[in-house]
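See below for the structure under consideration.
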Amino acid sequence: MSQHMYSKIVVASDSFKGSLSSLEVADAAAKAINECIPGCCVEKVEVADGGEGTMEALHRTLGGVKVEVEVCDPLGRAITASYVKLADGVTAVLEMAVASGLPLLAPQERNPMKTSTYGTGQLIADALRKGCRKFLIGIGGSATNDAGMGMLEALGVRFLDAEGNLLHGSGESLEKVEDIDLSGVCAGLAESEFIIACDVDATLYGPKGAACVFAPQKGADAEMVAMLNDGLEHFSSVVKRVTGKDVSDIPGAGAAGGLGGGFVAFLPARLERGIEMVLDAISFDERIRGASLIITGEGRVDFQTLTGKTPYGILKRARRQGIPVVAIGGSVALGEKETSEAGFAGVYAVTPSNMPLEEAMKPETAVRNIYDTVKNILNHE
């Protein structure tokens, strides 16, 4: 396709982490396009993968207000956390990590036996009270392994032990749950919709489950991992008995210490790849209609890119409309055979091979590298 065939080019790249935001990447690429092809319509689309930064990206793209709430951190201390109520008035965008995330704890405080997702539930409860009925929730970066017990407790679910005593959500409470009372749940939950950005396939328990795979990085030793794994298995059996839902084998149920499973078991929720949630929210399919080319990218393009990260999610959408996609990355660790088999029209590293990483990561250098690379791509097409 020669340059004059490009009437509309869409730039939709993930951030180059530690270097440039999604929009800064798009700005650098757009400058090159405008110089190479004057008069070409350039559509810059800010995207995120459902992880950190997703709430801000959707806020900028779709408008709305940031709502601050006093909630409990993973250890029950009062903090201020926020969510975004989008301009439609009914959609809330949350990141669980702002209330229940690992960065909120000092390294010596990390203990998934004690930590709780209660604060995440408080954010949801506040949004429900303010009229939200659709929830887009990122669940990366958790400090917890409570299967969402804390979150559900904040939403009115009561967990009881064998004597009928009330239990509070935490990893150590999982094995004690014998009954679940759903009679007092928050108004509005039943008619709500929860879309959970989930990019891990961990099951609730077992060798590929929440505790075995993720609890060690949250402060668990080997003994704790075994107890948490047993607790999750026990909790799953009680959930099945009470609700009729079996979440033990659902891929993603083990995400965020079992929070994925808690959502699916008790709420009208579905787990989705983060990029899919974001692309649907911003009406991406509409925005790329009529494009002759899409430029996407991320900081490092490697085998993980092809498991559902941002460039691959964009490629899948583009292919439905027959739009070619090129990807750029700070570095590229895939061969031409792998990228062409995946369906990319080309994948390009923006960093010259002899440039030190420290230099390449500087924002002004990254901008120049992206600009140069996009000019080269367009001049050789």
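So the values come out like this:
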| quantity | calculated |
| --- | --- |
| Among residues of region 2-21, those that are at pLDDT below 95, within 19 Å of the chain's Cα centre (by Cα) and among the polar types (S, T, N, Q), counted | 2 |
| Conditions (1) in the same structural domain as D372 (by TED's automatic domain parsing); (2) in contact with a Leu (Cβ under 7 Å, 6 or more places away or on another chain): number failed by A99 | (1) |
| Positions within region 26-52 being of a type in the set (A, V, I, L, M, F, W, C) and in contact with a helix residue (DSSP H, G or I) (Cβ under 7 Å, 6 or more places away or on another chain), in sequence order | A28, A29, A32, I33, C36, I37, C40, V42, V45, V47, A48 |
| Counted residues, region 265-281 - those being basic (K, R) and free of Cβ contacts under 8 Å to residues at least 60 places away in the same chain | 0 |
| Index of the failed condition, G89 passing every other in (1) within 21 Å of the chain's Cα centre (by Cα); (2) within 27 Å of R60 (Cβ to Cβ); (3) surrounded by fewer than 24 Cβ atoms within 10 Å (Cβ to Cβ) | (1) |
| Failed condition for G76, given (1) buried (at least 18 other Cβ atoms within 10 Å of the Cβ); (2) more than 20 Å from the chain's Cα centre (by Cα) | (1) |
| Residues being assigned to a loop (DSSP other than H, G, I, E, B) and out of contact with any strand residue (DSSP E or B) (no Cβ under 7 Å at 6 or more places or on another chain) - total across region 20-51 | 8 |
| Residue within region 258-280 that is touching a helix residue (DSSP H, G or I) at 6+ places or on another chain (Cβ under 9 Å) and at positive phi present | yes |
| Segments classed as helices (runs of 4 or more DSSP H), wholly inside region 184-289, with at least 2 members that are closer than 21 Å to L102 by Cα | 210-214, 222-243, 255-266 |
| Subset of region 230-259 [over 20 Å from the mean Cα position of the chain (by Cα), within 18 Å of F194 (Cβ to Cβ) and buried (at least 19 other Cβ atoms within 10 Å of the Cβ)] | V239, V247 |
| Residue among A345, A360 that is surrounded by 17 or more Cβ atoms within 10 Å (Cβ to Cβ) and over 27 Å from T61 (Cβ atoms) | A360 |
| Exclusive hit being under 18 Å from G313 (Cα atoms) and either of a type in the set (V, I, T) or in contact (Cβ under 8 Å) with a residue 24 or more places away in the chain (or both), set T61, T54, T80 | T54 |
| Looking only at region 192-224, and only at residues there that are β-branched (V, I, T) and either crowded, with 20+ Cβ neighbours inside 10 Å or in contact with a Lys or Arg (Cβ under 9 Å, 6 or more places away or on another chain) (or both), the one that is nearest to K114 (Cα to Cα) | T203 |
| Selection from region 1-26 of residues that are surrounded by fewer than 16 Cβ atoms within 10 Å (Cβ to Cβ) and closer than 20 Å to F284 by Cβ | S7 |
| Test: residue in region 243-257 that is over 30 Å from A190 (Cα atoms) and free of Cβ contacts under 8 Å to residues at least 24 places away in the same chain | no |
| The one condition in (1) within 30 Å of P112 (Cα to Cα); (2) surrounded by fewer than 23 Cβ atoms within 10 Å (Cβ to Cβ) that G262 fails to fulfil | (2) |
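Let's see how each residue does on (1) under 27 Å from L357 (Cα atoms); (2) in contact (Cβ under 8 Å) with a residue 60 or more places away in the chain:
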{"residue": "F263", "(1), (2)": "no, yes"}
{"residue": "I295", "(1), (2)": "yes, yes"}
{"residue": "V301", "(1), (2)": "yes, no"}
{"residue": "T310", "(1), (2)": "yes, yes"}
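The values are calculated or read from the model by the stated rules, or taken from the named source; none is laboratory data. Treat the numbers as computed from the prediction; the structure is a model and nothing was measured. We place every Cβ from the backbone using ideal geometry, glycine too, and count neighbours over all the protein chains shown.
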